[in-house]
Each structure stands twice: as structure tokens, then as C-alpha cells.
């Protein structure tokens, strides 16, 4: 993604379940001299080589840690927060140059595999710190791990976000499709948080959702309001505070 034409040297990487809960400034993510502000959890990276039984994302962490040990020396490193990630193109390119073989192997896979390297969450974070281009920082963040079929648990997460009003929050989907009411619950919460349409949303999608023409969280939507296009249109970024484009 750092090779997107026109992308700034300093940019933010967001998954589609990340949200801004309050206004932010560039200084929240980068120092005055351009260093990356790094946000870490208290969870250490699992050590050693990946095991066959490891999930792909754990293998990706281990692979990245091995590369960092080879480049900067062995040490205990902690996993970055699962939220908005400040990044720099020059650091991404340095990682690509220093770990060329690992990059070539990882980018050959379209989907997650055991040879992946966890770039935004780990490799970029610790490369920046070790190279003197990163600075440890804190920010009010909330990770809602497990938005799913348990409506009571979902509401606990939503209530905590309302109470804390964190600057950043993540709503991590874990089987929400199993309970149809969960999507309605989530839509209601997001409408409350983000009542105004962002400039990145397709207006026809928003109108369809409000009038319940389309299922709010289906992966592919045939929008009856968009008669100029016959193909299925991917639904992205509903009421997103993340700033990600809603275009396909």
C-alpha cells in the first residue's frame, strides 16, 4: 500500500473495522521531526519459528520478529495496538530492501499464509523504533474484541465506547452473521456515532440502508437504486469514521 501513487510520506493505515471516535491532528500520530508515534500493547510477541499449528497471523508475527532479530539484534518486542497505524513510505521501503527475500515470498500469496510477515502491526512499528524513526506514545483506544451473535456482550462494548468516548476504537467482527439482530444492533450504534454521511460514502447505499432495501452488512449488494450499474457492488465503510473510501 505504500506504493499507492500520490501517497504522502506520512500516512495512516486502517482496517475496515477501525473508527475515529474524536477529532485528531497529525501530531497525534507523528512527531514534529517526522517520527512515527508508536502505540504498543503489553502483549509480547510470541518467540521462535512458526509452528504448523499457529494461526497465520501468529506466524506472521513470529516471522517478522525473526527478521528484526537478524537486523537489529534479539530482544523482547511487544505487539502494536490493533487500531489506526501511522506509517511512513520510507520505512516501508527500507523494510522491503532489508528483507527482500521475505517480502518476495509473502507477496506471492493472495491470502494469509505461514510465510507472511506482519508489516503494519509489527514489522514497521519495531523497525521505526530500532532505526530511531519511532517514538513510544499512548492514545485513548478501545478494542472491542468479539462483536458477534451475543447481543448482551455487544451492548457491553457499545456502552463502554459511549462512556469512554475513545479517540480510536475497533469493532472486531466474530460471527455477527450468526445472529441477524446483531447487524441491526450494530447499525443502530454506528448511526448514533456517525449520524452524518461522510464524503466517501455512496449516497444510494445510505438511502437503501435507511429504508432497509438492502441487508446492512451483506458482503455484496445489488443496489436497486443504482440502475446505471448491473453488477454487484461491494458494500464498504458503512457510517465509517475511518475515512476509507467507499468505492470498490
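The values are calculated or read from the model by the stated rules, or taken from the named source; none is laboratory data. All values reported here derive from a predicted model rather than from experimental measurement. Note that each Cβ is placed from the backbone with ideal geometry, even for glycine, and that neighbours are counted across all protein chains shown.
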_Here is a list: 175, 146. Which entry is surrounded by fewer than 13 Cβ atoms within 10 Å (Cβ to Cβ) and modelled with pLDDT under 90?_
175
_Condition first: under 20 Å from the mean Cα position of the chain (by Cα), touching a residue at least 24 places away in the same chain (Cβ under 8 Å) and farther than 12 Å from residue 87 by Cβ. Now tell me which residues in the range 25-36 satisfy that._
28
_Out of the residues in the range 36-68 meeting the condition of being surrounded by fewer than 16 Cβ atoms within 10 Å (Cβ to Cβ) and touching a strand residue (DSSP E or B) at 6+ places or on another chain (Cβ under 6 Å), tell me which one is nearest to residue 26 (Cα to Cα)._
41
_Identity of the residue in the range 77-136, more than 19 Å from the chain's Cα centre (by Cα) and part of a strand (DSSP E or B), that ends up surrounded by the fewest Cβ atoms within 10 Å (Cβ to Cβ)_ = 136
_Residues located in the range 149-158, provided they are touching a residue at least 24 places away in the same chain (Cβ under 8 Å) and either part of a helix (DSSP H, G or I) or touching a strand residue (DSSP E or B) at 6+ places or on another chain (Cβ under 7 Å) (or both)_ = 151, 154, 155, 158
*asked:* Checking residue 76 against (1) over 30 Å from residue 166 (Cα atoms); (2) touching a strand residue (DSSP E or B) at 6+ places or on another chain (Cβ under 6 Å): exactly one of these is not met. Which one?
replied: (1)
_From the list 41, 53, exactly one residue is part of a strand (DSSP E or B) and more than 24 Å from residue 200 (Cα to Cα). Which is it?_
41
*Answer with yes or no whether residue 144 is touching a helix residue (DSSP H, G or I) at 6+ places or on another chain (Cβ under 8 Å) and part of a helix (DSSP H, G or I).*
no
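Could you say whether any residue in the range 173-182 is touching a residue at least 40 places away in the same chain (Cβ under 8 Å) and either on the phi > 0 side of the Ramachandran plot or not in a helix (DSSP H, G or I) (or both)?
There is at least one residue in the range 173-182 that is touching a residue at least 40 places away in the same chain (Cβ under 8 Å) and either on the phi > 0 side of the Ramachandran plot or not in a helix (DSSP H, G or I) (or both).
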*Could you list, in sequence order, the residues of the range 85-119 that are farther than 15 Å from residue 134 by Cβ and touching a strand residue (DSSP E or B) at 6+ places or on another chain (Cβ under 9 Å)?*
118
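In the range 37-76, how many are closer than 21 Å to residue 141 by Cβ, touching a residue at least 60 places away in the same chain (Cβ under 8 Å) and within 17 Å of the chain's Cα centre (by Cα)?
We begin by selecting, within the range 37-76, every residue closer than 21 Å to residue 141 by Cβ; these are 37-45, 57, 61.
Next, only the ones that are touching a residue at least 60 places away in the same chain (Cβ under 8 Å) stay: 37-40, 45, 57, 61.
Narrowing further to those that are within 17 Å of the chain's Cα centre (by Cα): 37-40, 57, 61.
Number satisfying all stated conditions: 6.
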